1. What is the packing order of peptides 149-156, 246-253, taking the mean over residues of other C-beta atoms within 10 Å and listing the highest first?
2. Hey, rough spin-label estimate for E106 and D315, points 7 angstrom out along Cα→Cβ, what's it come to in nanometres?
3. Amide H neighbours of V273 under 5 Å, counting only residues 5+ apart in sequence or on other chains, H built in-plane at 1.01 Å?
4. Principal axes first, then extents: for the Cα atoms of segment 165-224, list largest minus smallest coordinate on each axis, whole Å, largest first.
5. Taking amide hydrogens as modeled 1.01 Å from N in the peptide plane, which residues meet the under 5 Å criterion relative to R156, leaving out close sequence neighbours?
6. What ranking do 76-84, 176-184 get when scored by the average of other Cβ atoms within 10 Å per residue, highest first?
7. Mind checking which lysines have their C-alpha under 30 Å from K262, skipping anything on the same chain fewer than 8 residues away?
8. Please list 3J(HN,Hα) in residue order for segment 107-116, calculated via the Karplus relation 6.51 cos²θ - 1.76 cosθ + 1.60 where θ = phi - 60°; whole Hz, with x for glycine and proline.
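All of the numbers you see were taken from the coordinates with simple rules; none came from a lab. In this text the structure is predicted, and so the values were computed from the model without any measurement. Positions of Cβ are backbone-derived with ideal geometry, glycine not excepted, and every protein chain shown enters the neighbour counts.
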Amino acid sequence: MIWALLRTLYPVGLDFCTRADWLYFVPYFTSVDRRTFLQTSSGAALASCMPLASQKDERDDRLETHIFSKHLQFLPYEEMAVKASEIGFDGVELTVRPKGHVEPAEVRENLPRAVAAVRKAGLKATMVASDVNNVSAEHNSAVLESLVAEGIKTYRMRYYRYPKTGDILPSVLDFRSQAEELVRYNEENGLQAVYQNHAGPYFGSSMWEIRQMCEGFDPAYIGCQYDLRHATVEGGLSWQKELRVILPYINGLVIKDFVWEKQQDGQWKVQNVPLGEGMADFNTFFGILKANDIKVPISLHLEYPLHGANHGDRDLTLAQQEDVYAAMRRDLEKLHMLWAEA
C-alpha cells in the first residue's frame with residue numbers, strides 16, 4: 001500500500017530504485033528520519049484498511065531464529081530437535097556436509113530422519129548448511145534432490161576459494177559461472193542458494209564479490225546469508241557501505257560476535273565471544289534492516305570456546321552439554337533483546 005502510494009507521488013524517481021532503495025533514501029529528501037517515516041506512513045496508510053484481527057501482536061516482531069546444528073552434533077537427531085525446541089528456537093539449520101549432522105554420502109537415508117525429528121518437535125526444517133557450490137561434484141546432486149524431496153528451500157553454499165598465487169579475476173568469472181548453473185537448477189526445483197560472507201582470503205569476504213556473483217539473478221534463487229561479525233572484521237569502518245551493496249540479495253543472517261585481542265607475541269587476533277559482548281554493532285545493523293524492511297531467517301552461531309561444541313565436537317560430558325544449553329539460552333535471549341531495542 002505504501003509502495004503504491006509512493007509510486008503515485010514519485011513515479012519517475014521510483015522507476016530507478018527498488019522499494020528497499022527508496023526507503024533508505026527517503027530521509028535525504030524529507031525532514032524526517034527513516035524510522036519516523038516508516039512508523040508514521042505505515043500507520044496512516046495501513047490502519048484504515050487492515051482488519052483488527054491482523055494487527056501485529058508482540059510476537060510478530062520477533063526474529064525467526066534457527067540454531068546452527070553444528071553446535072548440537074553431540075546429540076542424535078531426536079534429542080537435538082527436542083532440546084532446540086525446549087531452549088526456544090524456531091527451527092534448526094541442519095549441517096548437511098562432511099562431518100556434519102548429515103553426511104552427504106548418506107543424505108538420502110539420513111536427511112529424512114533428521115527433518116522428521118525437527119518437525120516432530122514443532123520446529124522448522126527449511127534451511128541447511130551444505131557442501132554444495134556447483135551441480136556436478138560428488139554427492140551434490142543427491143543432496144539437492146533430497147532437499148527438494150524434504151521440502152527444504154534454502155541451502156548455504158560451500159565457500160569458493162581463490163588460487164594461492166596469480167590473478168584472481170579468472171576465478172571470479174569461474175565462480176560466477178558455477179553459481180549460474182546452481183541458479184538454473186534452483187529455478188527448476190524451487191530452491192534458494194545463500195552464500196555466507198567470511199573474512200579472510202575467501203571469495204565473498206567482500207560484499208562486492210557476492211554482489212558480482214548474484215547480479216542479474218533473481219534473489220529468490222540466490223543471495224547472501226549476511227554475517228555482521230565477518231563483515232566487521234573484514235570491512236572495519238566501511239561495513240555499513242558494504243552492507244548497502246548486498247541489501248537487495250540478503251536472504252538470511254548469521255549472528256555471532258567477536259573482539260580483536262592482542263596476543264603475548266604482540267600480534268592481534270580475532271576472538272569470538274558471546275553475543276553482545278563484542279564489537280559487532282547490532283544496534284546500528286538491526287536499525288538498518290528495520291529501515292529497509294528486511295526481516296529474514298537467522299542462524300545463531302556460538303563460535304566462542306564452548307567445550308568443543310563451537311567446532312562441532314561430538315564427545316561432551318553431560319555437564320559440558322548443560323553449559324552449551326545455557327549459552328544458547330543466553331545468546332538467544334540477547335538476540336531478541338538487541339532486535340527489540342534497535
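1. Per-residue mean Cβ counts within 10 Å order the peptides as 246-253, 149-156.
2. Roughly 1.8 nm, to one decimal.
3. Counting only residues 5 or more places away or on other chains, the set is D257, F258, V259.
4. Taking the Cα atoms of segment 165-224, the three principal extents are 37, 20, 15 Å.
5. Hits under the 5 Å cutoff: V128, A129, S130, V194.
6. Details: 76-84: 19.7, 176-184: 16.9.
Packing proxy ranking, top to bottom: 76-84, 176-184.
7. K70, K164, K241, K334
8. Per-residue couplings from phi come out as 5, 5, 8, 8, 4, x, 5, 5, 5, 4 Hz.
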